[in-house]
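To start, the structure itself, in structure tokens.
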Amino acid sequence: MIYLVDKPSAEVAFRTAQGNQEVTLVLIQDGVLLEPGESVPAVDVPVYAVERDVEVRGVDLPPEIEPITYDRLMRLVIEDGVKSFV
């Protein structure tokens with residue numbers, strides 16, 4: 001299951017994903033932004049960010065978040081299904 005996160009306050013998605021090996025988190029749109037002073041919560045699931053959204057917002061991703069293309073995001077959604085944290 002893909003959890004899409006499009007807001008900087010992604011805490012709920014990270015908490016919900018924790019410990020669920022069937023979940024992948026994908027940060028999209030403003031979800032690639034972190035709240036001031038916020039770090040990426042430690043989770044044991046893959047975390048991706050759409051690279052175009054990262055570029056447009058001028059964000060430097062921490063090493064634990066892997067950039068992906070929109071094409072790859074679409075493949076993940078088709079393969080795994082999606083839940084949106086909007």
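The values are calculated or read from the model by the stated rules, or taken from the named source; none is laboratory data. Just so it is clear, the structure is predicted and the values come from calculations on it, not from any experiment. As a convention, Cβ positions derive from the backbone with ideal geometry for all residues, glycine included, and neighbour counts pool all protein chains shown.
A compact table of results
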item: Of the criteria (1) at pLDDT 85 or above; (2) surrounded by fewer than 14 Cβ atoms within 10 Å (Cβ to Cβ); (3) not in a loop (DSSP other than H, G, I, E, B), which one Asp60 fails; result: (3)
item: Residues (under 13 Å from the mean Cα position of the chain (by Cα) and modelled with pLDDT of 85 or more) located in region 73-86; result: Leu73, Leu76, Val77
item: Filter result for the condition that a residue is part of a loop (DSSP other than H, G, I, E, B) and either of a type outside the set (Gly, Ala, Ser) or at pLDDT below 90 (or both), over Val40, Val54; result: Val40
item: Pair list, Cβ under 8 Å, 6 or more apart: region 42-68 residue under 18 Å from Asn20 (Cβ atoms) and touching a residue at least 60 places away in the same chain (Cβ under 8 Å), other residue assigned to a helix (DSSP H, G or I) and of a type in the set (Asp, Glu); result: none
item: Only listed residue being in contact with a Ser or Thr (Cβ under 8 Å, 6 or more places away or on another chain) and either of a type outside the set (D, E, K, R) or modelled with pLDDT of 80 or more (or both), chosen from Tyr48, Tyr70; result: Tyr48
item: Every residue from region 6-32 that is assigned to a loop (DSSP other than H, G, I, E, B) and surrounded by fewer than 15 Cβ atoms within 10 Å (Cβ to Cβ); result: Ser9, Gln18, Gly19, Asn20, Gln21, Glu22
